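Read through the structure below, which is laid out as structure tokens, and then see the notes.
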């Protein structure tokens, strides 16, 4: 079945996003496989200067860009002094044009010390906060290795709302011993707070984490029931899913994360950060050294790899099918020179369309709600 129509989404520029990674945390959560580290002492001046230097290097390499989003991720970026955040934003603004609607997000943990910094981040230019709440009951927060309790999280959330124009908070579900009724009660509490954006992640047990071998993931049927309950409750509250794990009121979607999922151009700075850049007409994958100490002391912090057409096509499909809007056929052709329906043509695509797991809609290939639930399985058969 061929795609048809022109997507209204393709008329929206994908822009240029910047991700800055702060690799330090107060403690390592037992489920976390991110590039995060606990250190007794951090040379804040050295880290600020190194990140400023990386911005200058990127500017020399890339030239003019229109920055549409900036994201401070980690680790725990709310351990950064507000003065460092302000200095980095000032440097970016001096290197590139800042879009009038630029979204500047900082991830934070809801401990009292960090919440007290929120006003400093806002004064420095941050206009969106993402708060790592993760659970709304104290026993599970303790089990997840979090440093805060429910009362502290609620207080931090109120400070965030009073300080920033836009806020998100994260929750993890499919936790050990959590049934559907318990999760529905917790999610109703979260929705009752009137959020405009929620990130809701199923707990996965990653290799090499403290949970690996000690905690079992939810079985398939329970995971499916939890996922469906999540979709139903959020849809009913006016926060439909726009991506597998992200829900928002219309217009409150994360512009930065959309840059990833729509396969826009993004610069990754800091230990372990990845990027996808367009240089001289080529799509370049970048990756930065993961070790904080090696990154800080290294002259060559980044490696670069030119992506083939097939690699770009694969990445674009894998990212785009996570979105409710799906993969944009016109954008796919512009990126790869290929027609999406021809590149994917085969018995797997026909079968998944016949089973209503995938569908063509307004020039997009989209996964149905049932398809997004088994997306990893679909990808294994779908991609050439």
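Structure values in brief
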{"read-out": "Search result, residues across region 331-368 that are touching a strand residue (DSSP E or B) at 6+ places or on another chain (Cβ under 8 Å) and assigned to a helix (DSSP H, G or I)", "value": "335, 340, 341, 349, 352, 353"}
{"read-out": "Leading residue by the ranking (surrounded by the fewest Cβ atoms within 10 Å (Cβ to Cβ)) among those in region 35-50 that are touching a strand residue (DSSP E or B) at 6+ places or on another chain (Cβ under 9 Å) and in contact (Cβ under 8 Å) with a residue 60 or more places away in the chain", "value": "39"}
{"read-out": "Of residues in region 122-142 being farther than 21 Å from residue 198 by Cα and either free of Cβ contacts under 8 Å to residues at least 40 places away in the same chain or in contact with a strand residue (DSSP E or B) (Cβ under 8 Å, 6 or more places away or on another chain) (or both), the one surrounded by the fewest Cβ atoms within 10 Å (Cβ to Cβ)", "value": "139"}
{"read-out": "Selection status of residue 255, buried (at least 18 other Cβ atoms within 10 Å of the Cβ) and out of contact with any strand residue (DSSP E or B) (no Cβ under 6 Å at 6 or more places or on another chain)", "value": "no"}
{"read-out": "Residue count for region 275-305, restricted to those that are surrounded by fewer than 16 Cβ atoms within 10 Å (Cβ to Cβ), in contact (Cβ under 8 Å) with a residue 40 or more places away in the chain and part of a strand (DSSP E or B)", "value": "1"}
{"read-out": "Check on residue 203, touching a residue at least 60 places away in the same chain (Cβ under 8 Å) and either touching a strand residue (DSSP E or B) at 6+ places or on another chain (Cβ under 6 Å) or assigned by TED's automatic domain parsing to the domain that holds residue 372 (or both)", "value": "yes"}
{"read-out": "Which numbered condition residue 186 fails, given (1) in a helix (DSSP H, G or I); (2) under 27 Å from residue 157 (Cβ atoms); (3) out of contact with any strand residue (DSSP E or B) (no Cβ under 9 Å at 6 or more places or on another chain)", "value": "(3)"}
{"read-out": "Given (1) touching a helix residue (DSSP H, G or I) at 6+ places or on another chain (Cβ under 9 Å); (2) touching a residue at least 12 places away in the same chain (Cβ under 8 Å); (3) surrounded by fewer than 22 Cβ atoms within 10 Å (Cβ to Cβ), index of the condition residue 332 fails", "value": "(3)"}
{"read-out": "Counted residues, region 215-265 - those being within 27 Å of residue 129 (Cβ to Cβ), without any contact (Cβ under 8 Å) to a residue 24 or more places away in the chain and assigned to a loop (DSSP other than H, G, I, E, B)", "value": "3"}
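Okay, residues lined up against (1) modelled with pLDDT of 95 or more; (2) under 26 Å from residue 268 (Cβ atoms):
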{"position": "304", "(1), (2)": "yes, yes"}
{"position": "340", "(1), (2)": "yes, no"}
{"position": "349", "(1), (2)": "yes, no"}
{"position": "366", "(1), (2)": "yes, no"}
{"position": "370", "(1), (2)": "no, no"}
{"position": "374", "(1), (2)": "no, no"}
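The values are calculated or read from the model by the stated rules, or taken from the named source; none is laboratory data. Just so it is clear, the model here is predicted, and its values are computed rather than measured. So basically every Cβ, Gly included, is an ideal-geometry build from the backbone, and we count neighbours across all protein chains shown.
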